[in-house]
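Written below as structure tokens is the structure these notes are about.
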Amino acid sequence: MIKIGSLELGRKPREARVAAVVDAMVPMQDLIDLKKKGVDLLEIRVDLIDKPLDCIVRCLGDLKKEVALPMIGTVRENERTAKNRAAVFQAIMPYVDCIDIELGASIAEHVQLSAKSQGKTIIVSEHDSEKTPDTKVLQSIVNRAVAQGADIVKVVSTAKNEEDAWRLLRFAKSCKVPIVAFAMGEAGTFSRIRACEYGSLFTYGYITKPVAPGQLSAEELIEKINK
């Protein structure tokens, strides 16, 4: 059993959980409505929110009180975050329940030590924007992520065809550690819908616009999962 905040994951086989990706200042009521529709947690993409950090931190405090969904804090490296990414993680840490840090990131040890000291769940993620690796490489990614300190390993590949996506799903189903896995690209869209059937702890949908190729909206994802 693993938890993000109060949310228990993997309690039942094939239990579908949906994370909505917050990449802008979304109206609070919209997030409350998404919670009512079945969204289970939020991923706060701090690197994509075009607002000052103090404004984002205040918003996180409001979200914690008013929406009351578990939150993953994600800060990818870009022009805005490259120089102070560790400090950004530190600023949001008190408000989120989980952090997502890339496999092999130079700031990983520092950020993860802080996260652990504050009782946060750690996702170590690997995104392949070109292909879906073979099973041996996928297992190597998982092993390295666990060695880095992952509570949950996130593996996202790019599917050039449906078989690529199926290979990743089959790997997730056989994986011995908590995993989130699905494929990007049009050929991988179905894997986002069926990910939880194959062992992924949850799947992701957008709110305002897709943040990855083949991504569905959180509402559409919930609708398709529940068909």
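No lab work stands behind these numbers, since they all come straight from the coordinates. Predicted, not measured: the structure shown is a model, and the values here were computed from it. Neighbour counts are summed over all protein chains in view; Cβ atoms, including those assigned to glycine, are modelled from backbone coordinates with ideal geometry.
Some values worked out for this structure:
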read-out	value
Residue-count net charge about GLY149 - beta-carbon cut-off 10 Å; Lys, Arg +1, Asp, Glu -1	-1
Hits among lysines - C-alpha to C-alpha of LYS131 under 28 Å, sequence gap 8 or more where chains match	LYS154, LYS160, LYS173, LYS176, LYS209, LYS224
Bridge type composition, the chain - antiparallel percent by DSSP, nearest 5	10
Ratio Rg/Rh, restricted to the range 1-57 and using Cα atoms, in which Rh is the Kirkwood radius	1.04
Charge dipole of the range 163-227 about the Cα centre (unit charges at C-beta), most positive-ward option of PHE171, ALA181, ALA218	PHE171
Calculated FRET efficiency for the pair VAL211/ILE2, C-beta based, R₀ 22 Å, to 0.05	0.35
Ordering of 190-197, 103-110, 91-98 by burial proxy (mean other Cβ atoms within 10 Å per residue, highest first)	190-197, 91-98, 103-110
Under 15 Å from the LYS83 label point (7 Å along Cα→beta-carbon), backbone N, the range 51-75	53
At most 14 other Cβ within 10 Å, DSSP loop - GluC sites (Glu not before Pro), the range 123-180	GLU130
Interchain or long-range residues, amide H under 5 Å from ILE2's placed H	LEU9
Per-q log10 I(q)/I(0), the range 2-222, q = 0.09, 0.11, 0.16 Å⁻¹ (Debye; single scatterer per alpha-carbon; no solvent)	-0.32, -0.49, -1.11
The chain: calculated mean residue ellipticity at 222 nm from DSSP helix runs of at least 4, using -39500 (n - 2.57)	-11000 deg cm²/dmol
Long-range HN-HN contacts of PHE182 with modeled amide H, under 5 Å	VAL155, SER157
